[in-house]
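Asks: For reference, the structure I am asking about is given below.
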Amino acid sequence: MGQRPRVIVVMPAYNAARTLERTYRDLPKDVVDEVILVDDVSQDETVEIARRLGLTVVVHLQNRGYGGNQKTCYLEALKAGADIVVMLHPDYQYDSRLVPQLLQPILEGRADMVLGSRFLGGSPRAGGMPLYKYLANRCLTFIENLAFGLRLSECHTGFRAYSRRLLTTVPFLLNSDKFVFDTEMIAQAVAFGFRIAEIGVPTRYFKEASSVGWRAGIVYGLGTLWVVVKFLLDRLGLRPCPQFRRRLPEVMSRYHVAQILHRPGDLDPAPDPAR
């Protein structure tokens, strides 16, 4: 990458006014070049606080959901010239002081995706994770590891880092606008031959932190299982899926390619998918 890589933190935000400033204040500014907050039609003062803090703010015209928010996050970060993009929930559940550790595997060339795992950072239950979330996380991660050929301790974290090469390759625009977007990103990373690493992060659950209810959790769990099924059908050649075969430039309007994929190497071939 030549000189120090340009690191951009993206925050997909919805009603994060009570926790945004604490999350931002803990960021190590010496390694972060820009923070982009994408607001998904919050009903509180999230946007006003973000602007006061000096963040780059993008406000959706209408609510697009968690996955739809991340799509905007990554497109904006790529346009801004990011070499590495850190996705951080602004709800203070994850310790943003650990960004340097999250970046390290990418900087050392050992990975293109790094996950902040609550199961490597101590006991999630001791940190306040509800029992039903703990059990669901364990079960889904076990299934995903089997399907994707991985050995991750957690697949369901809101603290992640991606290399530019990964984000300019995987067709994340084809992913869901809902919470299962995160699972699809892992499946796509595997499909295109990218390496995934983990670091441990502590677990924080408290009143102001965002949380998915049990009903939404059931929908998310079923969505995760459907991603696994689609991945396996594609891998076996029984039902080819564009999510795991087409590259990002192939699913974008040609009028936007030059604006978003403007860095040297953005259109280079990706790693050969492990088929």
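Asks: Heavy atoms only, probe 1.4 Å: what % of the accessible area of segment 78-207 goes to carbon and sulfur, would you let me know?
Replies: Reported share for carbon and sulfur atoms: 57 percent.
Asks: What number comes out for the charge environment of Asn137, summing +1 per Lys or Arg and -1 per Asp or Glu over other residues with Cβ under 9 Å away?
Replies: Once all neighbours under 9 Å are counted, the net charge is +2.
Asks: List the relative contact order of the chain as a percent without decimals, with contacts defined as Cα pairs under 8 Å and 6+ residues apart. Before the final figure, lay out each step's value.
Replies: On the way: 501 pairs, mean separation 60.2, N = 275.
Worked out over the chain, it gives 22 percent.
Asks: For the chain, with every protein chain kept in place, what is the accessible area per residue (1.4 Å probe, Å²)?
Replies: I get 45 Å² per residue for this part.
Asks: Taking square-rooted eigenvalues a ≥ b ≥ c of the alpha carbon gyration tensor, is segment 116-273 rounded, prolate or oblate, where a/c under 1.5 means rounded and, failing that, a/b exceeding b/c means prolate?
Replies: Since a/c reaches 1.5 and a/b is larger than b/c, the shape of segment 116-273 is classed as prolate.
Asks: If I compute solvent accessible area with a 1.4 Å probe over the protein chains, what percent of it on segment 17-77 is carbon and sulfur?
Replies: Carbon and sulfur together cover 46 percent of it.
Asks: Could I ask something else about it? Over all distinct Cα pairs, what is the inverse of the mean 1/r for segment 111-209, reported as the Kirkwood hydrodynamic radius in Å?
Replies: Evaluated on segment 111-209, it is 14.2 Å.
Asks: Let me ask something else about it. Tally the DSSP beta bridges in segment 1-101 and give the antiparallel ones as a percent, rounded to 5. All intermediate terms of the calculation are to be shown ahead of the outcome.
Replies: Values: 0 of 14 bridges.
Beta bridges within segment 1-101, antiparallel portion: roughly 0 percent.
Asks: Using the Cα centre of the chain as the reference point, and only Cβ charges (+1 on K/R, -1 on D/E), how large is the resulting charge dipole? Debye, rounded to the nearest 20.
Replies: It works out to roughly 500 debye.
Asks: On to the next question. Under Stokes-Einstein, with the Kirkwood radius over Cα pairs standing in for Rh, what whole-number D in µm²/s applies to the chain at 37 °C and 0.692 mPa s?
Replies: D = 174 µm²/s.
Asks: Give the residue list of trypsin sites (Lys or Arg not before Pro) in segment 24-87 that are DSSP loop and have at most 15 other beta-carbon atoms within 10 angstrom.
Replies: Here the sparse-neighbourhood loop sites are Lys29.
Asks: For segment 65-168, restrict the atom set to alpha-carbon positions and state the Rg and Dmax in Å.
Replies: Expressed in Å, the Cα Rg and Dmax of segment 65-168 come to 14.5, 41.
Asks: Please state the shape class of segment 10-78: rounded when a/c is under 1.5, otherwise prolate if a/b exceeds b/c and oblate if not, all from the C-alpha gyration tensor.
Replies: oblate
Asks: Please identify the DSSP H helices in the chain that span no less than 24 Å along the helix axis (Cα) and have a mean Kyte-Doolittle hydropathy of 0.0 or more.
Replies: Those that pass (Cα extent of 24 Å or more, hydropathy at least 0.0) are 131-148, 214-235.
The values are calculated or read from the model by the stated rules, or taken from the named source; none is laboratory data. As the structure is a computational prediction, the values presented were derived from the model and not from experiment. Cβ: placed from backbone, ideal geometry, glycine included. Neighbour counts: every protein chain shown. Areas reflect the complete protein model, heavy atoms only, side chains present, ligands, DNA and RNA absent. Shrake-Rupley method; radii C 1.70, N 1.55, O 1.52, S 1.80 Å.
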